[in-house]
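Encoded as structure tokens, the structure appears first; notes follow it.
Taken together, the values in this text are just the output of simple stated rules run on the coordinates, not laboratory data. Given the structure is predicted, the values throughout are model-derived calculations rather than measurements. Glycine also receives a Cβ, built like all others from the backbone with ideal geometry; neighbour counts cover every protein chain displayed.
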Amino acid sequence: MTRRVFPRWVLSAAAWVALVLQLIMLYAPDVPGPDTFFIPRLDLVAHCVSFGLAAGLWTALVSRPYLIGALFAVHAFVSEAIQAAWLTRTGDWWDIVADLVGVAAGVVIGLRALRGWRRG
């Protein structure tokens, strides 16, 4: 018997909301810079959390960790290239590193949640 903490529709809605919020954060033409609130590189935390949350929820939802990890990793590079080429923002290699750390953490956490649901 599968034990789920949340109904599947709640997980699905959360995954879509996380993805939409991530897209807004990445592709908004004007967002706070890297030194927001006088804390250097605070934007890296936002990158890591947004990619980690979205990747974790999607991993738990579709149970294809390699596909989810690969898609979000590619998106990390593509988003920075788009920011540098077409938006009034600059692409940053440290943002890509933070994105990839978030993807890895999110996939691992999503897999653990998925295993816990299947075991319970």
Problem set entry | In region 80-102, residue surrounded by the most Cβ atoms within 10 Å (Cβ to Cβ) [restricted to those that are closer than 28 Å to L114 by Cα and small (G, A, S)] | G102
Seminar exercise, completed: Taking region 72-120 and keeping only residues that are of a type in the set (S, T, N, Q) and touching a Pro at 6+ places or on another chain (Cβ under 7 Å), one is left with T88
Seminar exercise, completed: Of (1) closer than 20 Å to A13 by Cα; (2) surrounded by 19 or more Cβ atoms within 10 Å (Cβ to Cβ); (3) hydrophobic (A, V, I, L, M, F, W, C), A76 fails just (1)
Problem set entry | Identity of the residue in region 71-120, among the polar types (S, T, N, Q) and in a loop (DSSP other than H, G, I, E, B), that ends up farthest from G56 (Cα to Cα) | T88
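Quick one: how many residues across region 54-76 are aromatic (F, W, Y) and more than 15 Å from M25 (Cα to Cα)? Give the steps one after another, and end with the answer.
Step one: list which residues in region 54-76 are aromatic (F, W, Y), which gives 58, 66, 72.
Filter again for more than 15 Å from M25 (Cα to Cα), leaving 58, 66.
Adding up the residues that qualify gives 2.
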